[in-house]
Number of protein chains: 4
Amino acid sequence: MERIRILITGGTFDKEYNELTGELFFQSTHTADMLRLGRCLLDLEIETLMMIDSLQMTEADRARILEHCREVPETRIVITHGTDTMAETAAVLGSGLKGKTVVLTGAMIPYTFGSSDGMFNLGTALAFAQTLGEGVYIAMNGLWFHWDNVRKNKQMGVFERLR
Amino acid sequence: MERIRILITGGTFDKEYNELTGELFFQSTHTADMLRLGRCLLDLEIETLMMIDSLQMTEADRARILEHCREVPETRIVITHGTDTMAETAAVLGSGLKGKTVVLTGAMIPYTFGSSDGMFNLGTALAFAQTLGEGVYIAMNGLWFHWDNVRKNKQMGVFERLR
Amino acid sequence: MERIRILITGGTFDKEYNELTGELFFQSTHTADMLRLGRCLLDLEIETLMMIDSLQMTEADRARILEHCREVPETRIVITHGTDTMAETAAVLGSGLKGKTVVLTGAMIPYTFGSSDGMFNLGTALAFAQTLGEGVYIAMNGLWFHWDNVRKNKQMGVFERLR
Amino acid sequence: MERIRILITGGTFDKEYNELTGELFFQSTHTADMLRLGRCLLDLEIETLMMIDSLQMTEADRARILEHCREVPETRIVITHGTDTMAETAAVLGSGLKGKTVVLTGAMIPYTFGSSDGMFNLGTALAFAQTLGEGVYIAMNGLWFHWDNVRKNKQMGVFERLR
């Protein structure tokens with residue numbers, strides 16, 4: 001079985017509720033818990049690259065993600081990412097990376113809030129990472145999108161093709 | 001977008017707890033709720049074929065599922081199924097069906113019990129149904145299996161390849 | 001069975017997560033759902049007086065709550081309230097109301113986030129409202145507090161006696 | 001603050017789902033987790049006396065619970081118990097115990113199934129245990145019942161007074 005690397009970058013997926021301040025914040029990723037709940041038996045390497053809201057993500061952060069995707073030994077990579085700028089990061093990876101299958105995914109609701117789309121999205125992302133060919137993709141809403149044909153519709157909170 | 005049909009046959013996936021008797025039973029499928037939670041935007045047709053524990057599934061039931069897969073207009077089909085005899089049904093479909101992509105999936109824990117693997121499995125199954133070629137497959141534990149190379153390891157509660 | 005009135009004023013108890021903006025907001029109260037989940041058979045009248053964060057609550061709001069407690073026919077009242085200024089509202093009611101048993105309660109985590117203290121607190125509040133004598137109380141952390149001997153410890157996120 | 005003892009005897013409250021067999025079983029009690037979730041700050045001593053389905057509870061078991069209630073230093077006791085024979089145990093305690101306040105409670109749905117009445121019931125039981133006078137009571141459905149005036153209505157799954 002080919003090992004898949006999961007790169008954590010933060011996003012709603014991993015946000016938590018701070019009951020003292022009433023604000024959302026990051027602690028550590030819940031990806032391992034989610035995979036345990038999904039009884040996932042894939043050969044996985046989970047690595048936290050950053051834990052940020054994707055609205056805070058800079059071009060330097062995106063360059064770092066790209067560099068990291070190039071350096072890791074795995075050719076199949078899933079990236080958890082905030083939804084707001086997921087398409088921007090996908091574009092940076094899509095135009096800069098060769099020879100790998102990268103699938104970005106995220107969630108509209110934090111996993112810790114109980115009724116999240118995160119488990120479903122993580123399932124689709126890991127499945128697409130196993131079966132799609134070389135390229136950079138977004139897995140959201142049960143669908144997969146090429147990096148150069150996707151945007152987040154912020155009014156609807158869903159991803160859609162450009163054309 | 002190509003329409004995918006989801007055929008419901010029952011299994012732990014859709015079981016509920018009867019608080020008056022303390023027993024598990026079937027009411028109606030939760031698949032539509034799960035897809036809503038997953039913000040799934042696939043073009044789907046959900047159809048309940050039967051609601052049974054897969055240990056109760058007869059050869060006549062399997063023949064009916066096969067016949068149904070042949071008759072429906074969709075060429076991509078996901079089947080929710082109890083895990084105990086999922087491999088048997090996959091074998092009946094695998095040896096009898098041509099020209100379609102069928103992915104069977106299920107859950108070890110009922111969706112209604114809150115910490116189910118069902119959301120994750122449904123995500124993988126729908127992703128595999130979009131990307132795998134003609135054939136009959138099982139999607140469990142984050143993996144996909146060919147119908148003729150899979151069994152449930154009942155001691156461990158996981159699916160594994162035969163060879 | 002003596003009817004108990006539940007007055008809803010908002011607070012974390014009833015907050016929801018807006019997946020489009022990432023912010024918490026109020027829709028309608030979940031108290032009826034919570035009571036159904038608790039299989040509660042008390043004779044209850046649920047009334048939404050306001051739906052606000054208790055940090056936004058004005059003296060006019062508190063006067064309105066006091067007036068309302070006086071006017072309703074029930075002598076036993078539970079009030080759901082944000083925790084930040086719950087003690088202030090309790091003080092207004094405690095010094096202004098006679099002949100009724102009023103219990104304020106709330107939650108540190110929204111009910112909709114799955115792992116809330118709300119169900120537990122609602123249970124204690126309804127029990128104290130049945131058994132405590134005339135007076136105004138806060139029910140939090142499994143404990144009951146007299147209105148004139150309670151404060152929220154905001155560093156710890158718990159309620160404590162003053163002396 | 002007066003210490004309350006919580007005696008665990010099993011019941012649906014603490015049942016878990018065995019995903020290998022599809023059956024419900026007992027592991028260890030979830031009471032401490034539930035109290036943590038409820039941010040409970042009462043001075044509590046939790047003790048597991050037995051972990052059984054209350055339909056299996058014998059007269060010897062009930063005698064042991066009675067004996068235990070007599071021996072423990074606390075005068076306020078909450079007992080978690082299966083609902084099917086909760087009234088029988090309450091009767092044994094009610095006719096045999098003096099000078100203590102004992103509140104029995106349980107759940108219709110296991111805590112581990114996510115949408116349980118257990119948190120609500122535990123909240124009411126702990127509140128009644130603090131405020132009711134000497135005697136043996138059942139706390140279910142938001143209500144409290146004297147041991148000699150209660151039965152479980154098994155058709156409805158609720159507790160009710162005899163007269």
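Coordinate range of the alpha-carbon atoms in the stretch A:4-43 per principal axis, descending: 38, 19, 12 Å. Axis between D and A by rotation; chain D residue with nearest Cβ and distance in whole Å recorded as D:Gly114, 4.
In whole Å, what three semi-axes, largest first, describe the equivalent ellipsoid of the stretch B:1-79 built from its Cα gyration tensor (square root of 5 times each eigenvalue)? Its equivalent ellipsoid spans semi-axes of 24, 19, 7 Å. Among the protein heavy atoms, those of B:Arg161 account for about 100 Å² of accessible surface (1.4 Å probe, every chain in place).
Per-residue surface analysis assigns A:Leu35 an accessible area of about 10 Å², computed on protein heavy atoms at 1.4 Å probe radius. Charge dipole of the stretch D:8-78 (Cα centre as origin; +1 on each Lys and Arg Cβ, -1 on each Asp and Glu Cβ, all else neutral): 220 debye, rounded to the nearest 20.
Of the residues C:His68, C:His81, C:His146, the one that moves most in a GNM of chain C with alpha-carbon contacts below 10 Å is C:His68.
Semi-axes of the equivalent ellipsoid for the stretch C:34-156, please: Cα gyration tensor eigenvalues, times 5, square-rooted, ordered largest first, whole Å.
Details: eigenvalues 79, 64, 42 Å².
After diagonalising the Cα gyration tensor, the semi-axes are 20, 18, 14 Å.
More than 12 Å apart: what percent of Cα pairs in the stretch A:67-107 qualify?
The share of Cα pairs beyond 12 Å in the stretch A:67-107 comes to 57 percent.
Within 10 Å of the Cβ of each residue in A:18-24, the mean number of Cβ atoms contributed by other protein chains is 5.
For the protein assembly as shown, the ratio of Cα radius of gyration to the globular rule of thumb 2.2 N^0.38 Å stands at 1.05.
Using a cut-off of 30 Å between Cα atoms, the listed pairs A:Lys154/C:Lys15; C:Lys100/D:Lys152; B:Lys15/B:Lys154; A:Lys15/A:Lys154; A:Lys100/B:Lys98; C:Lys15/D:Lys152 include C:Lys100/D:Lys152; A:Lys100/B:Lys98; C:Lys15/D:Lys152 as exceeding that distance.
Its relative contact order, with pairs defined as Cα atoms under 8 Å and 6+ residues apart, puts the stretch B:1-119 at 36 percent.
So for the stretch C:118-163, what percent of the C-alpha to C-alpha distances run longer than 13 Å?
Across the stretch C:118-163, Cα pairs with separations above 13 Å total 54 percent.
Here the simple spin-label model places points 7 Å from the Cα toward Cβ, and for A:Lys98 and A:Val72 these points are separated by 2.1 nm.
These residues, A:Leu37, D:Leu20, A:Leu143, go from largest to smallest accessible area, 1.4 Å probe, as D:Leu20, A:Leu37, A:Leu143.
Accessible surface comparison of D:Glu160, C:Glu71, D:Glu74, probe 1.4 Å, protein chains only, largest first: the order is C:Glu71, D:Glu160, D:Glu74. Shortest first, C:Ser95 label-point distances to identical copies amount to 5.5, 6.6, 8.5 nm, with the label point at 7 Å from Cα along Cα→Cβ. The mean number of partner chain beta-carbon atoms within 10 angstrom of a residue's beta-carbon across peptide A:107-113 is 5. For D:Val78, nonlocal amide neighbours, meaning residues 5 or more places apart or on other chains whose placed amide H falls under 5 Å from its own, are D:Arg5, D:Ile6, D:Leu7, D:Val103. With semi-axes defined as the square roots of five times the eigenvalues of the C-alpha gyration tensor, the equivalent ellipsoid of the stretch C:46-97 measures 17, 13, 10 Å, largest first. Each residue was assigned an accessible area with a 1.4 Å probe, and for B:Phe113 the value is about 10 Å². Note on exposure: B:Cys40, B:Cys69 ranked by accessible area (1.4 Å probe, complete protein assembly) read B:Cys40, B:Cys69, with the most exposed listed first. Would you mind pulling out the separation of the Cα centroids of the stretch B:1-54 and the stretch B:110-138, in Å? The distance from the Cα centre of the stretch B:1-54 to that of the stretch B:110-138 comes to 12 Å. Structure remark: mean-square fluctuation, Gaussian network model of chain D, C-alpha springs under 10 Å; the largest value among D:Ala32, D:Ala91, D:Ala60 belongs to D:Ala60. Taken about its Cα centre, the stretch B:1-128 carries a charge dipole of roughly 500 debye when the Cβ of each Lys and Arg holds +1 and the Cβ of each Asp and Glu holds -1. Take every DSSP beta bridge whose two residues both sit in the stretch A:65-163; close to 45 percent of them are antiparallel.
Under the Kirkwood approximation for Rh and a Cα-based Rg, what ratio Rg/Rh is obtained for the stretch D:20-63? Provide the component values of the computation, followed by the final result.
Details: Rg = 14.1 Å, Rh = 13.2 Å.
Ratio of gyration radius to Kirkwood radius for the stretch D:20-63: 1.07.
The values are calculated or read from the model by the stated rules, or taken from the named source; none is laboratory data. In this text the structure is predicted, and so the values were computed from the model without any measurement. Here the Cβ is made from the backbone with ideal geometry for all residues, glycine too, and neighbour counts use every protein chain on show. Calculation scope for accessible area: heavy atoms of the full protein, side chains included, ligands and nucleic acids excluded. Shrake-Rupley method; radii C 1.70, N 1.55, O 1.52, S 1.80 Å.
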